[in-house]
Amino acid sequence: MTEFENTVSNALKDCPAGTIFLAAVSGGADSMAMLAALSGIVCGERLFCLHVEHGLRPAEESCGDAEYVRNFCEKTGIDCRVVPIPSGKIETFAHRKGIGIEAAARHFRHRALFREAERLGKNTRILIAHTRDDMLELALMRVLRGAGPAGLSAMPVSRGRILRPLLTVNRADVIAYLIERKIPWREDATNTDEKYLRNRIRHRLIPLLEEFFPDWKSGLTGMAKTQSLTAAFLAKEARRIIWEPCPVSHSAKPALAACEETFFDQPQIIREEALFQGINLLKRTRNETRGEEENTHPSLQSPRRSVIRHFCKGSVTAIDLGTLRIRRKGGKITLSPIHKDFSESGFSLLIKEPGLYNLNSISIDVPEGRSPDGFSPDGNNGFFAALPLVFRRSFNDDFLVSNGRKITRRGLTRSGRVISAVDASGTAAFLDRTGVLFVRDVLPETCGMIPFITVRNFI
């Protein structure tokens, strides 16, 4: 047995006898090396392979990957299943959820893996071919995105059903093993496309780090270990101090509650981590009811820390996260699910009070009411409106007056969906995913304190 195969074998040693292993195989170098090593370690009846054909690349390339994996499995006696995703489905899903193509593809891939694992039995482990290079690239991505302690923690070798047997080996070790075994692999053309952050990090940033900071890998690994300890401590403190012992229920929907005074008595970092902890707990609760694993629902992804920080500083009293709401009211801090239809065919968001809201990945900041004196609406950033305010799908007969002329929804030439912001005086603004298109000239006189609504993209 080679050193590479010993590494894979050691990663499986804690799995109980009779464990079934489901390998996620794309046809690329990492997953092919993992599958080849497994074929000599795990007996055939306990090893299965799943390939997801995402339908994102030209059919010749995508189908070629699937055929290669299928043929390899046939030669080595491994049961293989190919799950095709209809062309365009991932792009449509990404657009509807306001997430990136990679995140949408990961959603479908994980869903297929967990469904197959459930079919194979509860003692099934899902094997993912993440290497040490993947772990370091992810750490750099999270540093650049401003992640907190949990996000900067080391990627775990094992979590739930997922097991990563290659996490201690480098990509160079993978290639050396494949060459030694004379096993070819497939190259994904999108791995060179630098519109993706991971590829820019891999092809631009890492070569600079290698040249000017040769010890960067050990430094980043040490940081991740430290952040793992920090995240564990903060999570324990947040659970012990802030959240009430038992989840409360609102209309039979799972929710969490905390005493407002206790919450704001804690250091800000404890407050922030408590909210992330609560969000993750409600995510797990929802996923368990669907028989799926954590992080399989993009609509329930954690928000960026900057959004949570607004609430923890006391600058807003409510945050709408699309499917979850955080609210400060009646001496309580509550986290509860929201059941709303934000589909392409129709939706509405009613804002009755100041807060930070999320509508199809557009961040809407409604501060405490302020007088419009001395302010002028900026069509690129925000607009004045009276509360209550409704964001909804635009209709062709919606109109507003801007720069002395009447502008209708039908008259807008911009492509894509347009949202109308409507208050008691009528249409206040038109918006699309790029921001505010038009705002009305005449401000409503029905409210003495009129908030300046700020719209930002993609929180």
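The values are calculated or read from the model by the stated rules, or taken from the named source; none is laboratory data. Just so we're clear, the structure is a prediction, and the values are computed from it rather than from any experiment. Backbone-built Cβ (ideal geometry, glycine too); neighbour counts: all protein chains shown.
When the strands (runs of 3 or more DSSP E) confined to the range 21-127 are screened for residues that are within 27 Å of GLY160 (Cα to Cα) and of a type in the set (Lys, Arg), those reaching at least 1 such residues are found at 79-84, 124-127.
Residue by residue, here is whether (1) at pLDDT below 95; (2) surrounded by fewer than 17 Cβ atoms within 10 Å (Cβ to Cβ) holds:
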residue	(1), (2)
PHE93	yes, no
LYS97	yes, no
GLY100	yes, yes
ALA104	yes, no
ARG109	no, no
PHE114	no, no
ALA117	no, no
ILE128	no, no
VAL143	yes, yes
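Among residues of the range 218-240 that are under 14 Å from ARG142 (Cβ atoms), those with a Cβ under 9 angstrom from a residue that is β-branched (Val, Ile, Thr), sequence gap 6+ or separate chain, pair up as LEU220/VAL143; MET223/VAL143.
Among the residues of the range 396-411, those that are in a strand (DSSP E or B) and of a type in the set (S, T, N, Q) comprise SER402, THR408.
Has the range 76-90 got any residue that is surrounded by 19 or more Cβ atoms within 10 Å (Cβ to Cβ), out of contact with any Asp or Glu (no Cβ under 8 Å at 6 or more places or on another chain) and in contact (Cβ under 8 Å) with a residue 60 or more places away in the chain? No: the range 76-90 contains no residue that is surrounded by 19 or more Cβ atoms within 10 Å (Cβ to Cβ), out of contact with any Asp or Glu (no Cβ under 8 Å at 6 or more places or on another chain) and in contact (Cβ under 8 Å) with a residue 60 or more places away in the chain.
Does ARG286 qualify as being modelled with pLDDT under 90 and either closer than 22 Å to SER306 by Cα or surrounded by 12 or more Cβ atoms within 10 Å (Cβ to Cβ) (or both)? The answer is yes for ARG286.
Under the condition of being in a helix (DSSP H, G or I) and either among the acidic types (Asp, Glu) or farther than 17 Å from ARG57 by Cα (or both), the residues counted in the range 184-200 number 3. Just one of (1) under 19 Å from VAL157 (Cβ atoms); (2) surrounded by fewer than 20 Cβ atoms within 10 Å (Cβ to Cβ); (3) not basic (Lys, Arg) fails for GLY44. It is (1).
Got a number for residues in the range 142-157 being over 23 Å from ARG200 (Cβ atoms) and free of Cβ contacts under 8 Å to residues at least 40 places away in the same chain? Number of matching residues: 1.
For the condition out of contact with any Cys (no Cβ under 8 Å at 6 or more places or on another chain), outside the structural domain of THR454 (by TED's automatic domain parsing), modelled with pLDDT of 85 or more and under 26 Å from LEU275 (Cβ atoms), LEU335 qualifies.
Count of the range 4-20 residues, restricted to those that are surrounded by fewer than 16 Cβ atoms within 10 Å (Cβ to Cβ) and in a strand (DSSP E or B), is 0.
Please work out if ASP398 is over 25 Å from LEU321 (Cβ atoms) and at pLDDT 70 or above. Against the criterion (over 25 Å from LEU321 (Cβ atoms) and at pLDDT 70 or above), ASP398 qualifies.
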